[in-house]
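To keep things clear, I will list the structure first and then write my remarks on it.
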Protein chains: 2
Amino acid sequence: MSLKSKGINAEREIIHMFWQTQEWTACRVAGSGSIKYPAPDIIAANIHRKLAIECKTSKNKYQYLDKKEIHELLEYSKKTNTEPWIAIKFKKTEWKFIQVQNLKKTEKHYVTTKAALKEKGICFEDLLKINSVCETFK
Amino acid sequence: MSLKSKGINAEREIIHMFWQTQEWTACRVAGSGSIKYPAPDIIAANIHRKLAIECKTSKNKYQYLDKKEIHELLEYSKKTNTEPWIAIKFKKTEWKFIQVQNLKKTEKHYVTTKAALKEKGICFEDLLKINSVCETFK
């Protein structure tokens, strides 16, 4: 399976999780990462909250994220008053959702490790329990 | 050019229009119309408003819309508190934006004509001027 197909499958997995709640919707953004305008991989929304989500799966013990994609996620979120989240799934673990300020910043990337994500990421069920965290990003 | 490519080009045209305003964002939804969950063609948003948009271009004097796609647009909009709009461009005219209640309902479709759209649709600039019309759809 190509890297692109794997990415799309990961995104679809998250989309199903949202729709299964009955209250949430989620959809994939076409061409995210390749179009000229900033856009997240997934837009999830219910009647009260809107989330912009970047998705990553990793076979290693760490996950790097390009500064550009994080900055574009934050730009999109700011312009739309949407909560920015990064969804990461390390092999043999469940999806965790982490905020940008909980990633480590290196010279060229943002990065998190399997251990750091376990500590600072939240599971899907907890993501849904939060009241809007949008205020943080205004 | 295939029908699908024409559809994507029409959607991109609208996306550019939103981004050119500086205040608005817009993105195409992947697989809209073919995925199993309801989703609009385009999600446009600024800091205050969120729009779910179905896009159509027509070479004829009328434009039919499947009941299913309109009902899915309304379902998505209701679940996400988003304004549902239909963007239609008849040949040699500019894009007009129309609300579902201003389409004519037939037994199997919704439909509008070039003349009806001119009367009941609004231009892009006016769409942006409106304060949120979300209340109408709650």
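Taken together, the values in this text are just the output of simple stated rules run on the coordinates, not laboratory data. Owing to the predicted nature of the structure, the values given are computational and were not obtained by experimental measurement. Backbone-built Cβ (ideal geometry, glycine too); neighbour counts: all protein chains shown.
Side notes on the structure shown:
- Here B:Asn9 meets each of (1) part of a helix (DSSP H, G or I); (2) within 11 Å of chain A (Cβ to nearest Cβ) with one exception, condition (2).
- In the range A:39-96, the qualifying residues are those that are aliphatic (A, V, I, L, M), within 14 Å of another protein chain (Cβ to nearest Cβ) and assigned to a strand (DSSP E or B), and the one that is surrounded by the most Cβ atoms within 10 Å (Cβ to Cβ) is A:Ala52.
- Residues being more than 8 Å from chain A (Cβ to nearest Cβ), in contact (Cβ under 8 Å) with a residue 24 or more places away in the chain and either surrounded by 16 or more Cβ atoms within 10 Å (Cβ to Cβ) or in a helix (DSSP H, G or I) (or both) - total across the range B:12-23: 4
- Condition broken by A:Lys89, with the remaining ones in (1) more than 30 Å from B:Leu74 (Cα to Cα); (2) within 12 Å of the chain's Cα centre (by Cα); (3) without any contact (Cβ under 8 Å) to a residue 40 or more places away in the chain satisfied: (3)
- Within the range A:109-127, residues that are closer than 11 Å to A:Ala87 by Cα sit with their Cβ atoms under 6 Å from residues that are part of a helix (DSSP H, G or I), at 6+ positions apart or across chains, in these pairs: A:Phe124/A:Met17.
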